[in-house]
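The values are calculated or read from the model by the stated rules, or taken from the named source; none is laboratory data. Keep in mind it's a predicted model, so treat the numbers as computed, not measured. Cβ: placed from backbone, ideal geometry, glycine included. Neighbour counts: every protein chain shown. Remember, those area values only see protein heavy atoms, side chains included, never the ligands or the DNA or RNA. Shrake-Rupley method; radii C 1.70, N 1.55, O 1.52, S 1.80 Å.
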Amino acid sequence: MQLINLMRNYLFLNILLLNVGLGNTVFANENEPVKEAIEIVLTGAKNDRIDFGVTRLTTALNAAGYVVNSGKSLKKGAGKQLIVGLLDEANIQKILAKKGADKPGKEGYILNTNANQTVIAGADASGALYGCLDLAERIAQSGKLPAQLTVKDQPEMVMRGACIGIQKPEYLPGRTVYEYPYTPENFPWLYDKALWINYLDMLVDNRMNSLYLWNGHPFASLVKLKDYPYALEVDEETFKKNEEIFSFLTKEADKRGIWVIQMFYNIIVSKPFAEKHNIKTQDRKRPITPLISDYTRKSIAAFVEKYPNVGLLITLGEAMEGDDTDVEWFTKTIIPGVKDGLAALKTDIQPPIVLRGHDTNPQMVMKASLPIYKSLYTMNKYNGEALTTYQPRGPWAKMHQEMSELGSIHIENVHILANLEPFRYGSADFIQKSVQAMHDVHGANGLHIYPEASYWDWPYSADNVSPRQLQIDRDWVWYKAWARYAWNCRRDRSEEVKYWSEELDKTFDTQNHGGDILEAYEQAGEITPKLLRRFGITNGNRQTLTLGMTMSQLVNPKKHRVWPELYNSDGPEGETLTEYVEKNLKGEKHVGETPEQIIREVVQHGKLSVEAIDRAQPFVKKEKEEFQRIRNDMYCHRALADFFSEKVQAAELVLKYTHSKNITDLKNAVPHLEKSVTHFKELAKLTKDTYLYANSMQTAQRRVPVGGNDGKNKTWVELLPFYEEELEQFKKNLTLLESGKSAEELVAKLKPVAVRLQDKNTEMFTLAKGEPLFSDRESAITGLAEELSGLKGIRLNAGELADKQTSISFSSKTPVKVLVGYFQSKEKPFLAVPNLETDATGNDFGQAEAKITAALTAKGLPNINVHSYTFPAGNNTLVPGKGIFTVLGFIDGNTEMKPHAAAMGDGSGVRNIDWLFE
Ligand code: GTR
């Protein structure tokens, strides 16, 4: 990788020389024999992209020993000439016409040799640039200008891009999710021009044409507003630096055919703006107000006016609620803002706007918006926030298809790879098949990829090396593979194996053992996708798969809120562990992928991956340290697969016990659980000195396997005690069971605390069977978990809850937990449970998970789960959202509530099998 950097620096120097006019003639490298003189003739008008391509070509020719001159006229029969231009130029057409070459599409090119002349003709400037790069690569590979060339090529996907998060692993003090002003203190790397050049060169080398910058509210770091001067959230000096770096970046990107796109979330306002107006920077529950609309519209207008070549990527979800609100905001604030900017520029050329499908109804928003704005694109997550399958299906695939059918270009977002982090990923096979599925199943024609790991920690990887390793150096295979297949996903597989084997061989100098490294990558590359799609709780970054899962999550996944798309869309058809055990007991036929099959397969993948990497090891001559890190990753994958295999077998026996009530089933689970801990110990050992963390989002938003509050529980060493404790508890509880004592967890009764409700007319009641939950309908409690009885709830009006946002203000002398009952129904008018998959603020009060599932039943109503909202002492307001919910009581804020199932009315009669592990 060092070599690549050296080459890049050399190229950068070269570009600079050309820019100052010293580069018209580049003389051959002194150490190389001068082979021949060659002339480059540019036929068309001056163009930065073509100049960039020609610089690359010149460097390659020069390195091969040619003396390169810039020629003025086309002279057939004289010395060798390279002619660079566009296909629609008369000169170019004249030369090519004779050979009857047909025209490639957008960004395509032709390379054609006739006698001494080689033509590089682009369908457009990017095409000519790519043609130059193609020829430069051929020259570098063979050491000379190929004698005969007839090449025609063009990209398959229209948009091929990558993103960078201008965000951090943790929240900034006094701020919340996504709020990161652009400052040198927050992001020293943002101002590092050499780093940008490296990155942009990597993108153009991979023929990527778009770069997305993700941030909550970038405008207050980039533009000043006449009407809201106080909204700016960086100082004057930083503002100048931001202007400078943004202009530099967009210019350098444009030269390389790359379109910069600024992403933002809605509705977020700047901190000084919020403080001035005494509002929150973001608040999912607040309606659109004229003030925040005007502020945002003006921010967007100023941005478009200042950076007309920068596109916008819009997230309507997260800090905004309701599909109608999204439509209104997009059509009445965002698009008018862009149009105001264009009016100020006196142009009607519309810059493209990309609309994300995240937490909105993109079909509905697009239908309302296309009539007023033409240049719209759509984007949606490929497999959620993970990589799980190349066989997508179900409702998620349908959403993609509908977006593709809107007639605009649909872009696939390979979002945060929450199941791959932090290990290296290099399965060319999986990636190629995924891109094929994007076209064939989803109907998409664009790609946007996240960094392979450590998104929140850009530009560094999680490897514990000093100085820190850069993601672009470490994850070069990731970028290259996605880009290669975005260009053309129909490449022949056996040729691909050859291609990647050679690439890896070149990188590590392995005497033809590159194929073994590829094999290791491809075997390991199946493990985390298969594990997540068969056993995971969610494909969101709420879960870090490589940290393992608890027994409770395996035997009682519902309690941890399974994200349905993971099972109905993001993998081939198959069975969950619970379904599998039930079918076994009933003697029913299995359908699709089974848990038993998956654990068998991942163990085999782990074994084969380690064997393959070990085969290559003795031959590695270059980049030895990096190779050792890859090797260690393969060992980690194997340990992870073995850990899951044993744990799933233990969980299967525990589930079997819930039906058989035969204690032998539980006893048989012990050795499996013991072995799983041994494998996890191995994982902890392998990562202790090699990794800084498993997951880069180090906030309370991470819930599985255990909460990531305050940056904790992000390493395997930290997780090991949880799994050891789980084993100990299991053994202890098993002894208890054997002695015939108790098969049930004793749950302490919850004690009410006094709070003062602001609204004096609020009706309170004591939770007991027969008490109605609501004042306006039949809703008598029919079943109540023991621990809840005696608490004081609030009797609300269900009709009002359904119609409008309800807020309950109260005060207390001590911290309190408010117990909120959520009805187990996805239908309106019931209030939906907070989803961290679509609402990053969904755990701000600790309310994300149910504390007691199936806690209460009431006449004519769905079953109720209890969540808790924690508030400090003093005045507080509870705003769960619009929809029917119930307040079941107030308890001391320091009460520890172990999540458990009460099994009221769910028919299972099983209170909570996971008490065995707690
Ligand atoms: C959320 C996730 C965030 C972010 C967001 C998005 O569910 O927690 O990290 O990725 O989705 O898609 O913008």
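Key figures for this structure:
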read-out	value
Test: residue in the stretch 268-281 that is β-branched (Val, Ile, Thr), within 25 Å of Pro351 (Cα to Cα) and outside any helix (DSSP H, G or I)	yes
Qualifying positions in the stretch 353-410 - among the basic types (Lys, Arg) and either under 20 Å from the mean Cα position of the chain (by Cα) or under 20 Å from Asp440 (Cβ atoms) (or both)	Arg356, Lys381, Arg393, Lys398
Hey, Gly65 surrounded by 16 or more Cβ atoms within 10 Å (Cβ to Cβ) and touching a Pro at 6+ places or on another chain (Cβ under 9 Å) or not	yes
Residue in the stretch 812-834 that is nearest to the ligand (Cβ to nearest atom), counting only those that are open to solvent by 30 Å² or more (accessible area, probe 1.4 Å) and closer than 23 Å to Asn875 by Cβ	Pro815
Single condition Glu800 does not satisfy, out of (1) surrounded by fewer than 17 Cβ atoms within 10 Å (Cβ to Cβ); (2) within 40 Å of the chain's Cα centre (by Cα); (3) modelled with pLDDT under 90	(3)
Tabulated pairs, the stretch 687-701, first farther than 17 Å from Asn541 by Cβ, second open to solvent by less than 20 Å² (accessible area, probe 1.4 Å), C-beta under 7 angstrom, 6+ apart or interchain	Thr687/Cys636; Thr687/Trp716; Thr690/Asp463; Tyr691/Pro422; Tyr691/Ala462; Tyr691/Asp463; Leu692/Ala462
Residue satisfying condition, being in a helix (DSSP H, G or I), hydrophobic (A, V, I, L, M, F, W, C) and open to solvent by 30 Å² or more (accessible area, probe 1.4 Å), within set Leu531, Leu585, Leu554, Leu566	Leu585
Residue match in the stretch 86-99 (condition: touching a strand residue (DSSP E or B) at 6+ places or on another chain (Cβ under 8 Å), surrounded by fewer than 21 Cβ atoms within 10 Å (Cβ to Cβ) and assigned to a strand (DSSP E or B))	no
Residue check for Thr895: away from the ligand (no atom under 16 Å from the Cβ), β-branched (Val, Ile, Thr), part of a loop (DSSP other than H, G, I, E, B) and on the phi < 0 side of the Ramachandran plot	yes
One residue from Thr782, Thr735 being free of Cβ contacts under 8 Å to residues at least 40 places away in the same chain and open to solvent by 60 Å² or more (accessible area, probe 1.4 Å)	Thr735
Filtered residue count, the stretch 865-879, keeping only those that are open to solvent by less than 30 Å² (accessible area, probe 1.4 Å) and of a type in the set (Gly, Ala, Ser)	2
Residue match in the stretch 254-261 (condition: within 16 Å of the ligand (Cβ to nearest atom), surrounded by 22 or more Cβ atoms within 10 Å (Cβ to Cβ) and at pLDDT 95 or above)	yes
Among (1) under 30 Å from Ile110 (Cα atoms); (2) open to solvent by less than 10 Å² (accessible area, probe 1.4 Å); (3) of a type outside the set (Phe, Trp, Tyr), the one test that Gln167 misses	(1)
Test: residue in the stretch 435-445 that is under 24 Å from Gly606 (Cβ atoms) and either in a helix (DSSP H, G or I) or open to solvent by 10 Å² or more (accessible area, probe 1.4 Å) (or both)	no
Residue within the stretch 631-647 that is surrounded by fewer than 17 Cβ atoms within 10 Å (Cβ to Cβ), over 23 Å from Asn584 (Cα atoms) and modelled with pLDDT of 95 or more present	no
Hits in the stretch 534-551 (condition: open to solvent by 10 Å² or more (accessible area, probe 1.4 Å) and within 16 Å of the ligand (Cβ to nearest atom))	Asn541
Enumeration of residues in the stretch 806-833 that are under 19 Å from Gly540 (Cβ atoms) and either touching a Leu at 6+ places or on another chain (Cβ under 9 Å) or touching a residue at least 40 places away in the same chain (Cβ under 8 Å) (or both)	Tyr822, Ala832, Val833
Residues located in the stretch 709-723, provided they are out of contact with any helix residue (DSSP H, G or I) (no Cβ under 6 Å at 6 or more places or on another chain) and more than 16 Å from Thr699 (Cα to Cα)	Pro721, Phe722
Any hit, the stretch 873-891, residues being more than 27 Å from Asp283 (Cβ to Cβ) and not assigned by TED's automatic domain parsing to the domain that holds Glu170	no
Lone unmet requirement of (1) at negative phi; (2) within 16 Å of the ligand (Cβ to nearest atom) for Asp294	(2)
Index of the failed condition, His590 passing every other in (1) in a helix (DSSP H, G or I); (2) free of Cβ contacts under 8 Å to residues at least 40 places away in the same chain	(1)
Residue list for the stretch 835-864, filter: open to solvent by less than 20 Å² (accessible area, probe 1.4 Å) and touching a Gly at 6+ places or on another chain (Cβ under 9 Å)	Leu836, Glu837, Asp839, Asn843, Ala848, Ala854, Ala855, Leu856, Ala858, Ile864
Index of the failed condition, Asn464 passing every other in (1) more than 16 Å from the ligand (Cβ to nearest atom); (2) within 21 Å of Thr507 (Cβ to Cβ); (3) in contact (Cβ under 8 Å) with a residue 60 or more places away in the chain	(2)
Selection status of Glu593, in contact with a strand residue (DSSP E or B) (Cβ under 7 Å, 6 or more places away or on another chain) and away from the ligand (no atom under 16 Å from the Cβ)	yes
Unique residue being of a type in the set (Asp, Glu) and either within 16 Å of the ligand (Cβ to nearest atom) or open to solvent by less than 10 Å² (accessible area, probe 1.4 Å) (or both) when the list is Glu452, Glu502	Glu452
